[in-house]
Protein chains: 2
Amino acid sequence: MPKPTLFNLPEQKRRLILQAAIDEFAEYGFENASINRIVARSDIAKGSFYQYFENKEDIFRHLLLMLEQEKMAFFQEQHPPQKNLDPFAYFRWMIKAGLEFQSRYPRLIQAISRVLLIEGLYYSKLFADVRERTRRALQTLVNQAIEHGELDPQIDADLAIMIMETWSNAISTYLIQEGTKQADILQWIRSPQTQERIDKMLYVMEYGLRKTESQTLRNE
Amino acid sequence: MPKPTLFNLPEQKRRLILQAAIDEFAEYGFENASINRIVARSDIAKGSFYQYFENKEDIFRHLLLMLEQEKMAFFQEQHPPQKNLDPFAYFRWMIKAGLEFQSRYPRLIQAISRVLLIEGLYYSKLFADVRERTRRALQTLVNQAIEHGELDPQIDADLAIMIMETWSNAISTYLIQEGTKQADILQWIRSPQTQERIDKMLYVMEYGLRKTESQTLRNE
DNA sequence: TGGTCATGTGACCTGGTGGTCATATTGTAT
DNA sequence: ATACAATATGACCACCAGGTCACATGACCA
């Protein structure tokens, strides 16, 4: 937990420090992020940093908390277009809503995704708790799909979860990689090209790459 | 390129050094791998390391080259079960053969995959060349599938490549993560459970998660 | 035996890291 | 104006990184 001193700071200064940290984590990941650079970028003394935070993990977890709070607020003001969406449609909606969210806080999300998706694979003890929470959300979704008989019976729940997890990670990674090249991220994410690209990824997750008889039927 | 001195070394000593480097990269990735630890593990002096290699990138690229040569040799002695496999079957076969290969050099592959798949995403300039080569291999595969009319026409080539790339990466990552926990990797990879798991991932890539009419037909 | 050349060695260099702390500065209440 | 607590500061610490280099060792030949 950050020290109380952080919250006594004028908001502008606090935001400056956090922004510097976000940029640092986004650019260097967790392990290689440098507190020296963070204090230089935010124009405070090294000692001051340690008046505000315990250590590097402390500030990172604070960013994580901020993101989670923003995300909860965001998803509470959003609503699915209609009730009783089937789980696949709900997953699609969730990803799409996630896109909008991503375009609001691109840099923060880049920083955190980089650490969790990439480094988290290998320093897994540190952030295992976070990953577990997202898994549980997918679990309920998959269970619903099974109950409604919408999941291919050849596929067991664990596999389905893994596949959804893989795709939401792949989409995140794609967005972050491409998004950083764009001048206006919001506009780029909302553009029909990007939306279509995401739609197609999700389509393949649902229906697969191969041409089948039912696809031929669907297209007619 | 490593210096000539490396190749004058007795083979056992050279293998010891390379093994130490493999373990180091596997455990710490490229950026955080420490030459001090490598020389300590392989019981040579720091100065000696620089008699053999230019720097850290030099030794890593040497490992990469070794792996590529082993891989080429391996795939030349393997043959697909029958001629004229359709591209999806060929992709499945390639992945399966890759599994066998992976069980031969698990540690080396772990080291290199970690750097290329994980760190390569962010330090992309360093190893962009390697990634480009694998993409081209997938490209030809996808083009074949299109020619044979086996690809869902809703899906364009770029997307299909991206999906195959994502899945071969996901499978590699899965194998590395789970494989390191196993006592006998070869046995674990050949076990029916593991094979079935991979089969199912590839199945979903081909046919998707959702229950469709044609699946119902296939199961009967 | 002495000379020469490839190889081995570890102390040492610069520059970076995360973290500490005595001291200076500032804000506030009396 | 004074006193006192909260905050700001940057020199400093121990440690580790990659890389260098003067010197030691050893193999081979005259």
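A few notes on this one:
- Within segment A:36-140, GluC sites (Glu not before Pro) in DSSP loop having at most 14 other beta-carbon neighbours inside 10 Å: A:E54
- Other-chain or far-sequence residues with amide H under 5 Å of B:L151's (modelled H): A:K211
- Partner shielding of A:112-122 amounts to 3, given as the average count of beta-carbon atoms from other chains within 10 Å of each residue beta-carbon.
- Peptide A:19-29 is shielded by partner chain Cβ atoms: per residue, an average of 1 of them sit within 10 Å of its Cβ.
- Computed from backbone phi with θ = phi - 60° and the Karplus coefficients 6.51, -1.76 and 1.60, the 3J(HN,Hα) list for segment A:200-208 is 5, 4, 5, 4, 5, 4, 6, 10, x Hz; x is used for glycine and proline.
- Label point 7 Å beyond Cα along the C-beta direction, distances from B:N84 to other copies (nm, shortest first): 5.1
- Using Cβ point charges alone (K and R +1, D and E -1), the dipole size of segment A:97-196 about the Cα centre works out to roughly 580 debye.
- For B:K96, the lysines whose Cα falls under 16 Å of its own Cα, not counting residues fewer than eight places away in the same chain, are B:K71, B:K200.
- Label zone at A:R190, where the point sits 7 Å out along the Cα-to-Cβ direction: segment A:29-72 residues whose backbone N lies under 19 Å: none
- Ascending count of other beta-carbon atoms within 10 Å, so fewest first, for A:V39, B:V142: A:V39, B:V142
- Across the identical copies, how the A:Q69 labels are spaced - nm, sorted shortest first, 7 Å along Cα→Cβ: 5.8
- Normalising the Debye intensity of segment B:38-114 to I(0), with uniform scatterers on Cα atoms only, and taking log10 at q = 0.11 Å⁻¹ returns -0.43.
- Sequence-ordered 3J(HN,Hα) estimates for segment B:64-72 from the Karplus curve with 6.51, -1.76 and 1.60 and θ = phi - 60° stand at 4, 4, 3, 4, 5, 5, 4, 5, 4 Hz, glycine and proline given as x.
- Restricting segment A:80-149 to trypsin sites (Lys or Arg not before Pro) that sit in a DSSP loop and have at most 11 other Cβ atoms within 10 Å of their own Cβ leaves A:K83.
- For segment B:166-209, the list of trypsin sites (Lys or Arg not before Pro) that fall in a loop by DSSP and count at most 14 other C-beta atoms within 10 angstrom reads B:K181.
- Rg/Rh for segment B:78-212 (Cα atoms only, Rh after Kirkwood) is 0.97.
- Residue mean of other protein chain beta carbons inside 10 Å, A:159-169: 4
- Table column - 3J(HN,Hα) (Hz), segment A:174-183, Karplus curve with 6.51, -1.76, 1.60, x for Gly and Pro: 4, 4, 5, 5, 6, x, 5, 7, 8, 6
Any read-out appearing in this document is the output of simple, stated calculations on the displayed coordinates, not a laboratory observation. Every value quoted in this text rests on a predicted model; they were computed, and no experiment measured them. With ideal geometry, Cβ positions are generated from the backbone for all residues, glycine too; neighbour counts draw on all protein chains shown.
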